[in-house]
Amino acid sequence: MERITGTDPAAAGITGARPDESASPSGVSDAVKKRLPRYFRYLRELENAGVRRVSSKKLAELMGTTASQIRQDFNCFGGFGQQGYGYNVSYLYGKISSILGVTKGYRAVIVGCGNLGRALAGSPMFANRGVSLVGLFDISPEIIGKTVAGLEVAGMDRIAEFCREEQVDIAILTIPRDAAEDTAAMLAEIGVRGIWNFANAELKRLQPELKIENVHLGDSLMKLCYELGSDSGSKTEDET
């Protein structure tokens with residue numbers, strides 16, 4: 001996992017930041033929440049490149065947004081910067097990481113080890129975001145017992161005991177849509193607090209404490225298709 005460092009704000013010349021802030025305050029808009037992972041990615045790149053500080057203007061240029069938007073977003077969490085200095089990259093990266101939960105050591109399992117499940121299991125994104133992938137599960141006898149990304153695939157009959165013993169926080173569902181709702185309900189019952197759902201089914205929150213992120217890969221593809229079709233240089237029906 002990438003090095004996540006924190007810098008004392010006084011030593012860095014940063015004022016207005018709250019050093020003990022580790023969670024998102026209530027009332028933060030969904031739009032700001034959606035932008036936070038982008039800040040994380042770009043700050044990680046700057047950190048890895050050895051950049052020590054960055055202005056809101058420069059960060060905005062890199063991200064294709066505005067300096068005003070960046071300042072407004074960061075002000076939701078205390079500001080983190082100082083006029084005339086900008087942002088200390090290591091400190092800001094550490095703070096955004098903390099707000100996003102990268103430092104909390106969340107533990108995850110994948111339910112469904114078909115093509116998508118295996119691809120996700122082999123991805124470095126979990127480690128890069130502070131999530132430990134600790135288990136893989138499937139119902140197929142042909143898959144159970146195989147090793148994927150260093151983990152042995154177990155049967156669903158073992159998942160309840162496993163999740164309780166391993167204190168699993170997140171379950172990634174890559175299963176048929178008709179099995180998604182019952183599986184999510186079962187996982188919520190055994191204490192899993194977050195569902196990352198790739199089952200192409202719009203799961204609703206089953207319990208107040210359960211968080212669900214529905215991912216529809218096809219939606220992203222269709223958005224791209226729409227953008228291509230709305231291009232002024234594209235063919236229209238009258239031209240075909």
statement: Taking the dipole of the chain about the Cα centre (Lys, Arg +1; Asp, Glu -1; charges at Cβ), the one of 137, 62, 113 that reaches farthest to the positive side is 62
message: Between residue 217 and residue 85, how high is the FRET efficiency from 1/(1 + (r/R0)^6) when r is the Cβ-Cβ distance and R₀ = 25 Å? Nearest 0.05.
response: 0.05
message: If I stretch the segment between residue 231 and residue 125 completely, what's the gain in nm (0.36 nm per residue apart, minus their alpha carbon distance), one decimal?
response: 34.9 nm
Backbone N under 20 Å from the residue 104 label point (7 Å along Cα→Cβ), restricted to the stretch 203-221: 204-215
task: List the extent of the Cα atoms of the stretch 105-220 along each of their three principal axes, largest first, rounded to whole Å.
output: 34, 34, 31
message: Treating only the Cβ of Lys, Arg, Asp and Glu as charged (+1, +1, -1, -1), what charge dipole size does the chain show about its Cα centre? Round to the nearest 20 debye.
response: 1140 debye
message: Can you give me the distance in nm between label points at residue 206 and residue 65, each placed 7 Å from the Cα along the Cα-to-Cβ direction?
response: 3.4 nm
- prompt: How compact and how long is the chain, expressed as Rg and Dmax of its alpha-carbon atoms in Å?
  reply: 21.0, 65
- prompt: If the cut-off is a Cα-Cα distance under 16 Å, which lysines reach residue 33, setting aside same-chain residues fewer than 8 apart in sequence?
  reply: 95, 211
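With the contact rule set at Cα under 8 Å and sequence spacing of 6 or more, what percent relative contact order holds for the chain?
15 percent.
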statement: Per DSSP loop assignment and a cutoff of at most 12 other beta carbons within 10 Å, the chain keeps its longest run without exposed GluC sites (Glu not before Pro) at 1-141
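Bear in mind these aren't lab numbers, they're just calculated from the coordinates by the rules spelled out. These figures come from a predicted structure and were not determined experimentally. All Cβ positions, glycine included, derive from the backbone under ideal geometry; neighbour counts span all protein chains shown.
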